[in-house]
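First up is the structure itself, then whatever we jot down about it.
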Amino acid sequence: MTRLFAAELLKLRTIRVTWGFVVAVLGLAGLFAAGNIGSPPDGGRLAPDYQFKLVLTACLPAILLALLLGILLFTNEFRHGTISRTLLATPRRPVLVGVKLLTGVAAGLGLALLAVATTAVVAVIWLSVIDVPLELGDAAGGAWRGLVAAALIGALGAAVGGFVHSQVGALVGTLVWLFVAEPIVWVLLGLVDLGGVADYLPGVTVLSFADTEGENLSYAGTAGMAVVWTAVAAALAIWRTRRRDIT
Amino acid sequence: MIEVEGLTKRFGKTLAVDDLTFSVEPGRITGFLGPNGAGKSTTMRAVLGLVKPTSGRTSVLGVQYRDLPEPVRRVGVLLETFDAHAGRSGRNHLRVLALAGGIPRSRVDEVLGLVDLRDAGRRRVKGYSLGMRQRLGLAAALLGDPEVLVLDEPANGLDPQGIRWLRDFLRSLAAEGRTILISSHVLSEVAQTVDDVVIIHRGKLIRHAAMADVEAMAAGSTIVRSPTAERLAQLLAEAQIDATSLADGGLTVAGPPERVGEIAAEHRIVLHELSVERASLEEVFLELTGDPGERGA
């Protein structure tokens, strides 16, 4: 399992798309951090939870990109025909799904770490210039939440990829679900007085990780739902991957 | 050893493999032959656990592929479809496989050298020619120094020197007692390489025999030309050997050339030609598979 995991990480490191994600996270996290410091939200830079929100918000791109990178982890195998070689080395398909999920966790963690590090660099320099004291406890809380969120969402992405297999289908399907289908479901649930159920949908779960206003489930609840949805997607991924003939 | 027992595979309504049974022995190279679409690749993929049989079973080294410990070290595989990420370098492709298979990294450079790709190893695979891609696939198959090799159309894209190298290399591996199964849709391509042949058509076994037996099937009639062909025909008939006159005055004789020569010499008959008319291996192959129209389809 350790060898397979190391091989999956090497796969990620040796293709350009991964480095594209890294550059995107560095740029977007820097941009989010600069935006939040340059034009702070209500309450200003001295608000009690300002630095917590600063770090967590800067992790949002990493969380969303972790979902997409997780999807690519699995669907790249089918798109490039490498799945045959992968299954020859890992013939037990549920093991492969497990390794991919673990790699999704690692990829999510890596992207979130980059986001946290970028935010730290921007914040330390900028806040010290304008004499705003660093609140390490607050910032660490935001970083911790961002890391956990990206790790869970990376695994969820890998599970979705393992279920759908088609790269275009998985990427487009996920984005359509997040930004089109699920909002319609929210509305429909609201019409039948079941608006509370919407908090448990997968898209809300993903987006709730960056909810700094406490409008959705608690953070623990959100993480719990992420685990549930990942488990559901992983079960579907195992079912689909076991059945599929690699021709 | 590779065993296929009663293997049947259906894709929807299409019957790809039909109750196929054969085995591949250690120390021998077995050619797996059939026209395009005969079911060779499907059978190989079923052996390797990539395709789930509709019925029947397959095994490698006594167990199903998925139950093999360290499968990359035990079985080397080259599939017909290219299976490397185009954006990764050839060397990194092999590094990934080595890491997954628990194979030392030093082996990557060894096999790259073996297939003459050391200089191109750091280039991205998308820039490789067909022959280079095939050699990279062979390097991947050889990475674990496996005791069983399953190679689907290994000569595809190789130049004549490459094909000769492959032939000699496979022979040396077989001499070490390894089990080798190679597929091809051209009998003559593997005739000099294989010890045994398994010929299938439309998913069914047509023949499982030693290559020498197939070559014997190619032996045809004797052609003889003589200024006294009629006299020779009489003498052959007396010796109970059938001879038929050809339009150009020669004879086609249903007997070995040695016997024809002996009879001619005994009776001081001058011969202008004494030769064997052989059917080509391809003709034998087409006759066995019974459907020349499908070849190359």
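The values are calculated or read from the model by the stated rules, or taken from the named source; none is laboratory data. Keep in mind that what you see is a predicted model, and the values were worked out from it rather than measured. Cβ sites come from the backbone with ideal geometry, for glycine too, and all protein chains shown count toward neighbours.
Just a few scattered comments:
- For the stretch B:94-117, a residue qualifies if it is at the interface with chain A (Cβ under 8 Å from one of its Cβ atoms) and in contact (Cβ under 8 Å) with a residue 24 or more places away in the chain, and the qualifying residues are B:97, B:100, B:101, B:102.
- Verdict on residue B:86 being buried (at least 19 other Cβ atoms within 10 Å of the Cβ), within 19 Å of residue A:82 (Cβ to Cβ) and facing chain A (nearest Cβ under 7 Å): no
- Summed over the stretch A:68-90, the residues that are crowded, with 24+ Cβ neighbours inside 10 Å and more than 14 Å from every other protein chain (Cβ to nearest Cβ) give a count of 3.
- Elements of type strands (runs of 3 or more DSSP E) contained in the stretch B:175-221, each with 1 or more residues being among the small types (Gly, Ala, Ser) and at pLDDT 90 or above: B:179-184
- Scanning the stretch A:18-47 for residues that are surrounded by fewer than 14 Cβ atoms within 10 Å (Cβ to Cβ), within 14 Å of chain B (Cβ to nearest Cβ) and of a type outside the set (Gly, Ala, Ser) gives a single hit, A:19.
- Of the set (1) among the polar types (S, T, N, Q); (2) more than 10 Å from chain A (Cβ to nearest Cβ); (3) within 21 Å of residue B:289 (Cβ to Cβ); (4) surrounded by fewer than 24 Cβ atoms within 10 Å (Cβ to Cβ), all apply to residue B:54 but (3).
- When each of A:158, A:233 is tested for being crowded, with 21+ Cβ neighbours inside 10 Å, assigned to a helix (DSSP H, G or I), away from every other protein chain (no Cβ under 14 Å) and touching a Lys or Arg at 6+ places or on another chain (Cβ under 6 Å), the lone residue that passes is A:158.
For every residue, the table says whether it meets (1) of a type in the set (Asp, Glu); (2) closer than 24 Å to residue B:282 by Cα.
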site: B:201; (1), (2): no, yes
site: B:223; (1), (2): no, yes
site: B:229; (1), (2): no, no
site: B:232; (1), (2): no, no
site: B:238; (1), (2): yes, no
site: B:243; (1), (2): no, no
site: B:249; (1), (2): no, no
site: B:256; (1), (2): no, yes
site: B:263; (1), (2): no, no
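- Residues that are in a loop (DSSP other than H, G, I, E, B) and either closer than 21 Å to residue A:77 by Cβ or of a type in the set (D, E, K, R) (or both) within the stretch A:215-230 comprise just one, A:215.
- Counting only strands (runs of 3 or more DSSP E) wholly contained in the stretch B:1-41, the ones carrying 2 or more residues that are touching a Pro at 6+ places or on another chain (Cβ under 8 Å) occupy B:2-11.
- Residue match in the stretch B:118-139 (condition: within 26 Å of the chain's Cα centre (by Cα) and at the interface with another protein chain (Cβ under 10 Å from one of its Cβ atoms)): yes
- Residue check for residue A:125: surrounded by fewer than 19 Cβ atoms within 10 Å (Cβ to Cβ) and assigned to a helix (DSSP H, G or I): yes
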